[in-house]
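Peer 1: This is the structure I have questions about; it appears just below.
Every read-out reported here was derived from the displayed coordinates using simple, explicitly stated rules and does not represent laboratory data. A quick note: this is a predicted structure, and the numbers were derived from the prediction, not measured. Glycine gets a Cβ as well: all are built from the backbone with ideal geometry, and neighbour counts include every protein chain shown.
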Amino acid sequence: MKSKIYSLLFLTSFSLVLSQNINFADVNFKNALLPFQDVNGDGQISLSEAQNATYISIDTNNNITNLGGIEYYPNLTILMIKNNPITAPLNLSQNTQLQNIRLGLGTAVTSVDLTGLTLLKYLSIGVAPNTSINVLNKPLLEEIIIGGTLMGGLSAIDVSQNPLLKKLWINDNNLTSINVTQNPLLEELVLQKATTIPTSISTLNVTQNPLLKTIAVSGHSLLPSIDVSMNLALERLFTGNTAITSLNLTNNSLLKFLDISNNNFAGGINLLHQPLLEEFHASTAHLPTLDLSNNLNLKELGITNNYIPTINVSHLSQLRMFHAGNNLFTSLDLSNNPSLEYVSFTSNQLMKRINLKNGFNQNIIWLMDSDYQFMPQLLGICVDNQTSIYGNKVKLAVGNNVLVTSNCSLLSTQEAAQKNLSLKVFPNPTDDILYVETQEKLIDYSIFSMSGQKISADIFRNDEKNVNVKKLLQGNYIIQIKTNRQTYTNKIIKK
């Protein structure tokens, strides 16, 4: 009889314990859970209700800052909370069944305890500056994503006991070192950080990671080199804003994306072994030359702020985006690039001629007038149709002193002939007669407006060497003069 009484008392007390309500540290966390876990509808969450829960998923911003109370959910396998500013220290040591932790954008916890979570496979979390995370004794872990802030984030992590790790992303970090030599299955290694964060790794060994497809070390200003010769599967490589000055990519024939922006590649870069390359970004990379002859699949090319005097892109039929500003170009020919959707030539101080007549100008997106400005020596741009919407935008951007035409022959002056002064016209400006000085036989001439419209034309008779422009209105014009050897084009000014 006594044993029955004791059993009854035990069951009663156990039932009372399970019926007790959880005291959450953050009422916003509680309120976000109520619609899904308040089974009896009493406006509270009891221990028994919490113990029956196997997952928590919150997508909307409920302004949750503290997950205190999570320890009463021992059977959780999935914890997913997005878009909430969780900052309080996080203790998940009682949630030993957790396999998937995803605390997304907005999270910046100051500490996290994952002790005992031996079943964990996926970890995604945001941390405050100079936070460390212990992932030892997590043999099943396959994915780690840890975000930081513009002031920093994760300062240390040991992944030597995570042999199944495939993805390691640690963005905006305070790392000074990291060892991934014990992670042979690693496919993605992303360690990018903002340049506002002063700390940096100084060495990185990826020779033991043959399956790596992505390596990103941008922002680590003290990293002087990286050996990717053993990463034959590599498809994406980011080294911008590091101390890296050269790359040996001979063994990386599968590379599709490369970013060396803000590196000092004054010695150049060899891309002859990258036939699959689709995007190459190298702004402010000190490049003196660039050979793209083997990169037929290139779709995006960004080479602003370099020292490149000439470039051949005529074979890049898939090229969509071309950032070519502030180089040493004197001319650019994009007539064989029918896929162009965006171009920028800004601040090319030596640029004289641009051929944009590719048959598909209507597909080019117009972002800013400045993409076509700050080229003081520019003489002309050839487009599909100078009176089209795109043609008119170009004319407005470059001004009246630059020829915008669909007649590309007006841009085809012989540079060598001009340099040798084989033909000169003077005085220029003039108000009536324009004289022609040359040793060649003059045949005929044509005068065009700056929009490419032919104004007048005639032949040279009886060895005459002058052109009467008295009837022209004041302004800028293009004169094209044909001799027995070649055709010359000059800009003239009628006073």
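Peer 1: Can you give me the Cα centroid spacing of region 145-168 and region 174-226 in angstrom?
Peer 2: Each part reduced to its Cα centre gives a spacing of 10 Å.
Peer 1: I'd like the Karplus ³J(HN,Hα) series for region 367-376: coefficients 6.51, -1.76, 1.60, θ = phi - 60°, whole numbers in Hz, and an x wherever there's a Gly or Pro.
Peer 2: Rounded to whole hertz, the list is 9, 9, 4, 4, 4, 10, 10, 6, 10, x.
Peer 1: Beyond a 27 Å Cα-Cα separation, which of these cross-linked pairs lie in this structure: Lys357/Lys491; Lys256/Lys393; Lys395/Lys471?
Peer 2: Lys256/Lys393
Peer 1: Describe numerically, in nm with one decimal, the distance between label points set 7 Å from Cα along Cα→Cβ at Leu473 and at Ile459.
Peer 2: Distance between label points: 3.1 nm.
Peer 1: Kindly express, to the nearest 10 degrees and within the range 0 to 90, the angle between helix 2-19's C-alpha long axis and the longest C-alpha principal axis of the chain.
Peer 2: So the inclination is approximately 20 degrees.
Peer 1: Which lysines have a Cα lying under 17 Å from the Cα of Lys121, excluding residues fewer than 8 positions away in the same chain?
Peer 2: Lys138, Lys166, Lys167
Peer 1: Nearest 0.05, what FRET efficiency do Tyr307 and Leu396 give at R0 = 25 Å with Cβ-Cβ as r?
Peer 2: 0.25
Peer 1: Which aspartates and glutamates have a Cα lying under 19 Å from the Cα of Lys494, excluding residues fewer than 8 positions away in the same chain?
Peer 2: Asp431, Asp432, Glu437, Asp458
Peer 1: Within region 186-215, whose backbone N sits under 20 Å from a point 7 Å along Cα→Cβ of Asn264?
Peer 2: 195-196, 198-204
Peer 1: Can I ask one more? To the nearest 10 degrees, how steep is helix 27-37 against the longest Cα principal axis of the chain, on a 0 to 90 scale?
Peer 2: 80 degrees
Peer 1: Before anything else, pin down the relative contact order of region 417-494: Cα pairs under 8 Å, at least 6 apart, normalised by residue count, whole percent.
Peer 2: 33 percent
Peer 1: Right, something else. Counting each DSSP H run of 4 or more residues in the chain as -39500 (n - 2.57), what helix-only mean residue ellipticity at 222 nm follows after dividing by all residues, to the nearest 500 deg cm²/dmol?
Peer 2: -3000 deg cm²/dmol
Peer 1: Another question, then. Could you work out the relative contact order of the chain? I mean the mean sequence separation of Cα pairs under 8 Å and 6+ apart, divided by the number of residues, in percent.
Peer 2: It rounds to 5 percent for the chain.
Peer 1: Mind pulling the angle between the C-alpha long axis of helix 389-398 and the longest principal axis of the chain? Nearest 10 degrees, somewhere in 0 to 90.
Peer 2: That works out to roughly 80 degrees.
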